[in-house]
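One structure is given below, encoded as structure tokens.
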Amino acid sequence: TDDLLTTERQARITGDVATLAAARAHSDKNDKKTLASAHTYTDQKETTINNRTDGLLTTERQARIAGDAATLAAATAYSDAGDLLTLKQATTYSDISASRALSEANRYTDNKFRNLNNKIERAEKRLNAGIAGVTAISSIPYVAENSFSYGIGVGNYQNANAVAAGIQYKTSRNTNIRLNISWDSSHNTAIGAGVAGGW
């Protein structure tokens, strides 16, 4: 019996070793197959995914480029329209401002020349009136033999007139004093006085 048991145990051990070796061989073979199949599947999926991703990226890039081009075209058109409008408004404003400035400058210059012309005319009238007043004073006749005499004279120069009056008093045989006054058409008054002596 002991021999039988020993033989059976050895047979069992040998069978177990053979079974384990066969199981391992089968498992390794199947693992290799499974791994190869998994690799093939993964590679195919990766290729498919890469191809699909590349296609999507290409489509997206083309859409982005087209969108950027459309956006740029729209922005350029908007900017050009805005620039043109701004330029027109600036030109109109400049033209109006320049025209207004020129008009105001012309008005200012015209007023200044008009005022200057008026001043010159007034000065000319006063000058003419002054000459007429002096002419009137110098035209007064006096009586030299009397102690006291008076006279009236008139004068005219261009567009001005004047009237003058004067008195003369002989203070001694050799001395005379005289006072004259004139009024002219420019409402000016001239007064003159003098002393004369002789021997």
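Annotations
- Among the residues of segment 154-198, those identified as assigned to a strand (DSSP E or B) and charged (D, E, K, R) are LYS170, ARG178, ASP184.
- Residue count for segment 132-150 under the criterion of being surrounded by 17 or more Cβ atoms within 10 Å (Cβ to Cβ) and either in contact with a Phe, Trp or Tyr (Cβ under 8 Å, 6 or more places away or on another chain) or without any contact (Cβ under 8 Å) to a residue 12 or more places away in the chain (or both): the result is 4.
- Residue count for segment 161-188 under the criterion of being in contact (Cβ under 8 Å) with a residue 40 or more places away in the chain and among the polar types (S, T, N, Q): the result is 5.
Results for (1) at pLDDT 80 or above; (2) assigned to a helix (DSSP H, G or I); (3) exposed (fewer than 10 other Cβ atoms within 10 Å of the Cβ); (4) among the charged types (D, E, K, R), shown as yes or no for each residue.
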residue	(1), (2), (3), (4)
GLU8	yes, yes, no, yes
ALA11	yes, yes, no, no
THR34	no, yes, no, no
THR40	yes, yes, no, no
ILE49	yes, yes, no, no
LEU56	yes, yes, no, no
ARG64	yes, yes, no, yes
ASP80	yes, yes, no, yes
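- Of all residues in segment 154-177, those satisfying the criterion of being touching a helix residue (DSSP H, G or I) at 6+ places or on another chain (Cβ under 7 Å) and farther than 15 Å from GLY194 by Cβ are VAL154, GLY155, ASN156, TYR157, GLN158, ASN159, ALA160, ASN161, ALA162, VAL163.
- Here SER139 clears all of (1) under 16 Å from TRP183 (Cβ atoms); (2) at pLDDT 95 or above; (3) of a type outside the set (A, V, I, L, M, F, W, C) except the condition numbered (2).
- Against the test of being within 30 Å of THR175 (Cβ to Cβ) and within 60 Å of the chain's Cα centre (by Cα), the options GLY153, GLY130 yield a single qualifying residue, GLY130.
The values are calculated or read from the model by the stated rules, or taken from the named source; none is laboratory data. Treat the numbers as computed from the prediction; the structure is a model and nothing was measured. Here the Cβ is made from the backbone with ideal geometry for all residues, glycine too, and neighbour counts use every protein chain on show.
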